[in-house]
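Take a look at the structure set out below.
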Amino acid sequence: MHDEAEPDHMRLQRRRFLGTAAFFIAAAELGSSESAHAQSRVTELPVPGLGRITSLGALKQIDAGVLSVGYAEAGPADGPPVILLHGWPYDIHSFVEVAPLLAAGGHRVIVPYVRGYGTTRFLSPAAFRNGQQAALAVDLIDVMDALGIDQAVLAGFDWGARTACIIAALWPGRCKALVSVSGYLIGNPELNRMPLPPRAEYQWWYQYYFATERGALGYERNRHDFAKLIWQTASPKWAFDDATFERTATSFAGGSIWLPGSRATTIWNDGLPGLRP
């Protein structure tokens, strides 16, 4: 999933859920005069005037392309739209504090579950399960079309950052501004064939694991503990509590999506039968 090794400080920053960065950068691009002060640690962040936020509220559902997409929405319906995109192994709760800040600034905030997460489902049980990077970008275009959003500020991390970058590159008219945490950009399949230094290759051990039947079975049996291990190893200085993890872990229950070129599975679920083509 990752294209190159990241320094430790960048990897830690990527796991800090956008936080202050998404708010201030997006607000600056939109010309907002609102301001907010936030700490980066999600479990300690009080939202000014709103208290400590732990929920994005009631979810909505909309048919978009090949998916029925679950999403949270906040802010005025006629406000400048901002779309926040999560990565793996996280979900929409990565933005549980920043969404209210943006909404308080007058923005229409959309936080969708990526295909295979939460309440997002394929409309057809026979649909091909594809985790390829361009497929996720098309999903977002479909969501924007379904919601009547012509152009939006796109912000994301990990897979979400990649999706946002693809939209900015291939559909620049749909992207008013881009917040790509850690510079996680469009993957280059040819470049990815080249080996990295051993320490960097060690960081991506799970990619090799998922490309085996043993890895598929292991992830199926240990989805919860696997995700928690990734949280711990990717951000060793982040002292998240169990409640923070469990809030997101509910999105991991279910089946798996097939990866092109893989014998096994990628790291998402969609909970429907007939998961493998």
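Structure notes:
- Any chance L85 is at pLDDT 95 or above, within 28 Å of W204 (Cβ to Cβ) and hydrophobic (A, V, I, L, M, F, W, C): yes
- Test: residue in the stretch 74-82 that is aliphatic (A, V, I, L, M) and open to solvent by 20 Å² or more (accessible area, probe 1.4 Å): yes
- Counting the residues of the stretch 219-263 that are under 17 Å from W88 (Cα atoms), of a type in the set (A, V, I, L, M, F, W, C) and either modelled with pLDDT under 90 or in a loop (DSSP other than H, G, I, E, B) (or both) gives 8.
- Checking D142, D150 one by one, the residue that is under 24 Å from D63 (Cα atoms), of a type in the set (D, E, K, R) and in a loop (DSSP other than H, G, I, E, B) is D150 and no other.
- Within the stretch 136-153, considering residues that are open to solvent by 20 Å² or more (accessible area, probe 1.4 Å) and aliphatic (A, V, I, L, M), the one nearest to V66 (Cα to Cα): V138
- Single condition R162 does not satisfy, out of (1) in a loop (DSSP other than H, G, I, E, B); (2) of a type in the set (D, E, K, R); (3) within 16 Å of the chain's Cα centre (by Cα): (1)
- Meets criteria (closer than 24 Å to C165 by Cβ, modelled with pLDDT under 50 and among the polar types (S, T, N, Q)) for S35: no
- Of the candidates Y117, Y90, the single residue that is aromatic (F, W, Y) and closer than 13 Å to G156 by Cβ is Y90.
- Among residues of the stretch 79-100, those that are in a loop (DSSP other than H, G, I, E, B) and of a type in the set (G, A, S), counted: 2
The values are calculated or read from the model by the stated rules, or taken from the named source; none is laboratory data. Since this is a predicted model, take the numbers as computed values, not measurements. Cβ: placed from backbone, ideal geometry, glycine included. Neighbour counts: every protein chain shown. For accessibility, only protein heavy atoms count, side chains too; no ligands or nucleic acids. Shrake-Rupley method; radii C 1.70, N 1.55, O 1.52, S 1.80 Å.
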